[in-house]
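Accompanying notes for the structure given below.
The values are calculated or read from the model by the stated rules, or taken from the named source; none is laboratory data. All values reported here derive from a predicted model rather than from experimental measurement. Cβ sites come from the backbone with ideal geometry, for glycine too, and all protein chains shown count toward neighbours. Areas reflect the complete protein model, heavy atoms only, side chains present, ligands, DNA and RNA absent. Shrake-Rupley method; radii C 1.70, N 1.55, O 1.52, S 1.80 Å.
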Amino acid sequence: MSKAGKSVSIKVPTSKLASGADAWIANRDAEPATDRESGNVTSLKSVEAAPVETTKEKMSRFTIDVPESLHRRVKMQCAARGQKMADMMRDLLEREFPAS
(Lines give C-alpha, C1' and ligand atoms only; values in the text may rest on other atoms or scores of the structure.)
Protein backbone atom coordinates (compact mmCIF):
# COMPACT_ATOMS: atom_id res chain seq x y z
CA MET A 1 0.00 0.00 0.00
CA SER A 2 1.21 3.45 -0.90
CA LYS A 3 0.79 6.32 1.58
CA ALA A 4 1.75 9.00 -0.96
CA GLY A 5 -0.98 11.32 -2.16
CA LYS A 6 -3.23 11.02 0.88
CA SER A 7 -3.86 14.19 2.84
CA VAL A 8 -5.77 14.84 6.01
CA SER A 9 -7.17 18.23 6.93
CA ILE A 10 -7.84 19.17 10.52
CA LYS A 11 -10.28 21.93 11.37
CA VAL A 12 -9.57 23.68 14.65
CA PRO A 13 -12.73 25.17 16.16
CA THR A 14 -12.54 28.68 17.57
CA SER A 15 -13.47 28.99 21.20
CA LYS A 16 -16.44 31.16 22.11
CA LEU A 17 -14.94 31.54 25.58
CA ALA A 18 -11.70 32.94 24.19
CA SER A 19 -13.46 35.53 22.06
CA GLY A 20 -15.74 36.40 25.00
CA ALA A 21 -12.72 36.86 27.25
CA ASP A 22 -11.03 39.08 24.66
CA ALA A 23 -14.20 41.18 24.42
CA TRP A 24 -14.40 41.47 28.22
CA ILE A 25 -10.78 42.62 28.43
CA ALA A 26 -11.36 45.22 25.72
CA ASN A 27 -14.54 46.48 27.46
CA ARG A 28 -13.82 45.88 31.14
CA ASP A 29 -14.56 49.50 32.04
CA ALA A 30 -18.01 49.37 30.40
CA GLU A 31 -21.31 49.14 32.24
CA PRO A 32 -22.11 45.89 34.11
CA ALA A 33 -23.61 43.03 32.10
CA THR A 34 -27.29 42.15 32.32
CA ASP A 35 -28.45 38.55 32.73
CA ARG A 36 -30.59 37.91 29.65
CA GLU A 37 -32.97 35.46 31.34
CA SER A 38 -33.75 37.23 34.61
CA GLY A 39 -32.80 40.80 33.75
CA ASN A 40 -30.55 40.99 36.83
CA VAL A 41 -27.51 43.22 36.62
CA THR A 42 -24.23 41.52 37.47
CA SER A 43 -21.50 43.66 38.95
CA LEU A 44 -18.23 42.51 40.47
CA LYS A 45 -17.18 45.97 41.61
CA SER A 46 -17.03 46.60 45.34
CA VAL A 47 -19.50 48.91 47.04
CA GLU A 48 -16.78 51.42 47.82
CA ALA A 49 -15.36 52.22 44.39
CA ALA A 50 -11.91 53.72 44.03
CA PRO A 51 -11.78 57.41 43.14
CA VAL A 52 -12.08 58.07 39.43
CA GLU A 53 -8.89 59.26 37.82
CA THR A 54 -9.25 62.65 36.16
CA THR A 55 -6.75 61.93 33.39
CA LYS A 56 -6.45 58.75 31.38
CA GLU A 57 -2.69 58.33 31.32
CA LYS A 58 -1.37 55.51 29.16
CA MET A 59 -0.65 52.47 31.34
CA SER A 60 2.61 50.54 31.24
CA ARG A 61 3.11 47.04 32.63
CA PHE A 62 5.94 45.46 34.55
CA THR A 63 6.22 42.01 36.04
CA ILE A 64 8.00 40.99 39.22
CA ASP A 65 8.65 37.61 40.75
CA VAL A 66 7.78 37.22 44.42
CA PRO A 67 7.79 34.19 46.71
CA GLU A 68 4.49 32.28 46.70
CA SER A 69 4.02 32.92 50.41
CA LEU A 70 4.21 36.70 49.89
CA HIS A 71 1.84 36.50 46.91
CA ARG A 72 -0.67 34.54 49.04
CA ARG A 73 -0.45 37.08 51.89
CA VAL A 74 -0.98 40.03 49.56
CA LYS A 75 -3.84 38.31 47.76
CA MET A 76 -5.59 37.37 51.03
CA GLN A 77 -5.26 40.90 52.44
CA CYS A 78 -6.58 42.45 49.23
CA ALA A 79 -9.53 40.05 49.20
CA ALA A 80 -10.30 40.84 52.85
CA ARG A 81 -10.28 44.57 52.02
CA GLY A 82 -12.29 44.12 48.82
CA GLN A 83 -9.43 45.62 46.84
CA LYS A 84 -7.77 44.49 43.60
CA MET A 85 -4.12 43.54 43.89
CA ALA A 86 -3.19 45.84 41.01
CA ASP A 87 -4.91 48.83 42.66
CA MET A 88 -3.15 48.11 45.96
CA MET A 89 0.24 47.85 44.22
CA ARG A 90 -0.36 51.14 42.36
CA ASP A 91 -1.27 52.84 45.67
CA LEU A 92 1.83 51.40 47.34
CA LEU A 93 4.08 52.58 44.50
CA GLU A 94 2.49 56.05 44.51
CA ARG A 95 3.17 56.39 48.25
CA GLU A 96 6.76 55.18 47.86
CA PHE A 97 7.49 57.22 44.73
CA PRO A 98 5.33 60.39 44.85
CA ALA A 99 5.18 62.73 41.85
CA SER A 100 7.39 65.75 42.39
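Here are Asp29, Asp35, Asp87: which of them is modelled with pLDDT under 75, open to solvent by less than 100 Å² (accessible area, probe 1.4 Å) and acidic (Asp, Glu)?
Checking each option against the conditions leaves just Asp35.
When the residues of the range 39-71 are filtered to those that are modelled with pLDDT of 95 or more and more than 18 Å from the chain's Cα centre (by Cα), which remaining residue is surrounded by the fewest Cβ atoms within 10 Å (Cβ to Cβ)?
Among those residues, the one meeting the criterion is Asp65.
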